[in-house]
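Reading through the structure tokens given below for one structure.
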Amino acid sequence: MGSVRVRHSLQYIQQLYDSGVDRSKLENLIRAFRGIQALPPDDPRSFFHLGGLHGLPFSGPGKKDTKWWGGYCWHGSVLFPTWHRIYILTFENALRSIRGCQDVTLPFWDELLNLESPPPIPSVLTSPTFELDGRTDNPLYSYKLQKALVEKIDNHRYSKPAGYDTVRYPLSGEYRQLLVIVSEC
């Protein structure tokens, strides 16, 4: 039997980092995410490949079926809890496969935390930069697609070019344009 994995909330990990009590949990999480994002897209541990298991790029038996959304994740189904548990374990094992990150655990979101203080969303999710190991990219903020996503069924459904910079909130392109407009005012 393997060692017990202790998962903490992301809010707690951010608090430990900000206070200087334990910076290693967040730093190793960043290293692990950087590691899987750097793996070749066809590597089963890569962020690109794991994203395909969840949703994009579409793959599997329903890829060309217009009545099937294309991903494997069973959101809105009784199968969701069991499917998602094994997906999260697979994702966490990929993070732990990165050298020096064998003890990383995927943090959870504590919905019961008092959202008045600290801020409701940890800064590691909203800051485009994270300084570590001579780098400033923040893999928890965005991911640069290593190859193009071109998902076609009968008509063009979804595409993003290689090098496209993803972010973690909807309508991100429109939001970024709004920020540029506001900053120019």
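The values are calculated or read from the model by the stated rules, or taken from the named source; none is laboratory data. Because the structure is predicted, anything quoted here is derived from the model rather than measured. Note that we place each Cβ from the backbone using ideal geometry, even for glycine, and neighbour counts take in every protein chain shown.
So G100 passes all but one of these: (1) at negative phi; (2) surrounded by fewer than 15 Cβ atoms within 10 Å (Cβ to Cβ); (3) small (G, A, S); (4) modelled with pLDDT of 90 or more. Which condition number does it fail?
Result: G100 passes all but (1).
What residue, of L140, L106, L179, is modelled with pLDDT under 65 and of a type outside the set (G, A, S)?
Numbers: L140 fails: modelled with pLDDT under 65; L106 fails: modelled with pLDDT under 65.
Just a single option satisfies the conditions, and that option is L179.
Does S46 count as polar (S, T, N, Q), out of contact with any Cys (no Cβ under 7 Å at 6 or more places or on another chain), farther than 20 Å from I98 by Cα and modelled with pLDDT of 75 or more? Break it down stepwise before answering.
Working: polar (S, T, N, Q): yes; out of contact with any Cys (no Cβ under 7 Å at 6 or more places or on another chain): yes; farther than 20 Å from I98 by Cα: no; modelled with pLDDT of 75 or more: yes.
In short, no.
Do the conditions hold for L95, that is, is it surrounded by 16 or more Cβ atoms within 10 Å (Cβ to Cβ), at pLDDT 90 or above, over 17 Å from Y12 (Cα atoms) and of a type in the set (A, V, I, L, M)?
Values: surrounded by 16 or more Cβ atoms within 10 Å (Cβ to Cβ): yes; at pLDDT 90 or above: yes; over 17 Å from Y12 (Cα atoms): yes; of a type in the set (A, V, I, L, M): yes.
For L95, the condition - surrounded by 16 or more Cβ atoms within 10 Å (Cβ to Cβ), at pLDDT 90 or above, over 17 Å from Y12 (Cα atoms) and of a type in the set (A, V, I, L, M) - is met.
Test T166 against the criterion of being surrounded by 13 or more Cβ atoms within 10 Å (Cβ to Cβ), within 16 Å of the chain's Cα centre (by Cα), modelled with pLDDT of 70 or more and within 22 Å of R31 (Cα to Cα), and give yes or no.
So T166 passes the test.
What's the number of the condition K25 fails, among (1) at pLDDT 95 or above; (2) assigned to a loop (DSSP other than H, G, I, E, B)?
It fails just one condition, (2).
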